[in-house]
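The values are calculated or read from the model by the stated rules, or taken from the named source; none is laboratory data. What you see is a predicted model; the values in this text were computed from it and never measured. Methodologically, a virtual Cβ is constructed for each residue, glycine included, from the backbone with ideal geometry; neighbour enumeration extends over all protein chains shown. Heavy atoms of the whole protein, side chains included, go into the accessibility calculation; ligands, DNA and RNA do not. Shrake-Rupley method; radii C 1.70, N 1.55, O 1.52, S 1.80 Å.
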Amino acid sequence: MTKEIKIPFLGDGITKVTIGAWHHKSGAMIEAGEDLLEVEADKALFNIPCEEKSLLKTILVPQGQEASIGQPVAIVEAL
Amino acid sequence: MQCHVIDLGLIDFSQAYRAQQQTILKAFQQRENTLILCEHPSIFTLGRLAQENFFLTDPAAIRQQGISVVRTDRGGEVTFHGPGQLIAYPIFCLPTSLRDLKRFLYKLEEVVIDLLGYFGIVANRLEGYTGVWVKERKIASVGIGVKKWVTYHGLGLNVSTDLRSFSLIKPCGLDVAMTSMNEELKSDIAIAAVKQKIVDQFAQEFDLTIIKTPYDKRN
């Protein structure tokens, strides 16, 4: 089943983040709970996991770009 | 909430980073909180997205002088760590009520502000610039990482730091004067006294029961 990975709620007053690093490339297999990417907000670097074992299909926002809270940043296919 | 305190003394940044990673695993597995205290030999660190053009000297030249320059997995720009700077790495399992990055950073600042007040230094925040200041001089820097809502990295407070190395960079990407507790008080403060007090302040700010833990460097 295809799913979107979205920027989660990170606290009051945080509306945007900057994509820090993608830990995997498109086409990679991600284990359940494995960190998928980092995002920076203020002086914090927050790791976002992929909750289920999945195939990373598409990275929607590259490193260095901004994303809003709730914005989809990747498409994965749960296995 | 219980919290172990581990004092690593003067320890290489990379060795302390390995200690953080081991401690993070304990946090994941056992929901164990740990406050790591230490100092580092001279090193410049950059956050994940830090800009290298905040070096005022070529980093290669800095490395040639035997000072490491390392990019690491924390927020924030470039900063300097050296002997006399008290490093605190809170490896905290944040409860649901504290899963708010800005609020956690605010509480780290509060730990330092209250600690400095104890020693007679009136410290403040500058709106829009995370960290702790004495008027317009920066005395402590903050930069954290978070995995599964477990925090790592933390803060660096200049106690008796040799501030000259900060002149090689724009600390935290800012045109800013750095200061230290010794500079502000015009006297020498024992870092051991500051370490004890920072543990008390963490306990107060985060409502912790402290357990002092010897660290086995063979780990």
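Take the residues in the range B:126-170 that are under 19 Å from residue B:86 (Cβ atoms) and open to solvent by 50 Å² or more (accessible area, probe 1.4 Å), then tell me which one is nearest to the other protein chains (Cβ to nearest Cβ). Step by step, filter the range B:126-170, then rank; the result is B:137. Exactly one residue among B:184, B:109 is part of a helix (DSSP H, G or I), open to solvent by less than 40 Å² (accessible area, probe 1.4 Å) and in contact with a strand residue (DSSP E or B) (Cβ under 7 Å, 6 or more places away or on another chain), and that residue is B:109.
Taking first residues from the range B:79-98 that are more than 21 Å from residue B:130 (Cβ to Cβ) and partners that are surrounded by fewer than 19 Cβ atoms within 10 Å (Cβ to Cβ) and basic (Lys, Arg), the Cβ contacts under 9 Å between residues at least 6 apart in sequence or on separate chains come to B:93/B:31; B:93/B:148. Candidates are the residues of the range B:63-77 that are more than 14 Å from chain A (Cβ to nearest Cβ) and of a type outside the set (Gly, Ala, Ser); the one that is nearest to residue B:20 (Cα to Cα) is B:70.
For the range B:6-21, a residue qualifies if it is within 23 Å of residue B:203 (Cβ to Cβ) and open to solvent by 10 Å² or more (accessible area, probe 1.4 Å), and the qualifying residues are B:6, B:7, B:9.
Just one of the numbered conditions (1) in a loop (DSSP other than H, G, I, E, B); (2) in contact with a strand residue (DSSP E or B) (Cβ under 6 Å, 6 or more places away or on another chain); (3) hydroxyl-bearing (Ser, Thr, Tyr) is not true of residue B:57: (2).
Residue B:69 meets each of the listed conditions (1) farther than 24 Å from residue B:193 by Cβ; (2) modelled with pLDDT of 95 or more; (3) part of a strand (DSSP E or B) apart from (2). Restricting B:129, B:89 to residues that are at pLDDT below 95 and of a type outside the set (Val, Ile, Thr) narrows the list to B:129.
Pairing each residue of the range A:10-25 that is more than 7 Å from chain B (Cβ to nearest Cβ) and closer than 16 Å to residue B:49 by Cβ with any residue that is open to solvent by 20 Å² or more (accessible area, probe 1.4 Å) and aliphatic (A, V, I, L, M), provided the two are 6+ apart or on different chains, yields C-beta distances under 8 Å for A:16/A:69; A:17/A:69; A:22/A:59. Does the range B:105-121 contain any residue that is on the phi < 0 side of the Ramachandran plot, touching a Gly at 6+ places or on another chain (Cβ under 8 Å) and within 12 Å of another protein chain (Cβ to nearest Cβ)? Within the range B:105-121, one or more residues are on the phi < 0 side of the Ramachandran plot, touching a Gly at 6+ places or on another chain (Cβ under 8 Å) and within 12 Å of another protein chain (Cβ to nearest Cβ). Looking only at residues of the range B:94-104 that are open to solvent by 10 Å² or more (accessible area, probe 1.4 Å) and of a type outside the set (Lys, Arg), we find that the one that is farthest from residue B:30 (Cα to Cα) is B:100. Contact map, the range A:41-65: first residue within 7 Å of chain B (Cβ to nearest Cβ) and free of Cβ contacts under 8 Å to residues at least 40 places away in the same chain, second residue assigned to a loop (DSSP other than H, G, I, E, B) and open to solvent by 40 Å² or more (accessible area, probe 1.4 Å), Cβ cut-off under 6 Å, separation 6 or more or different chains; pairs are A:45/B:48.
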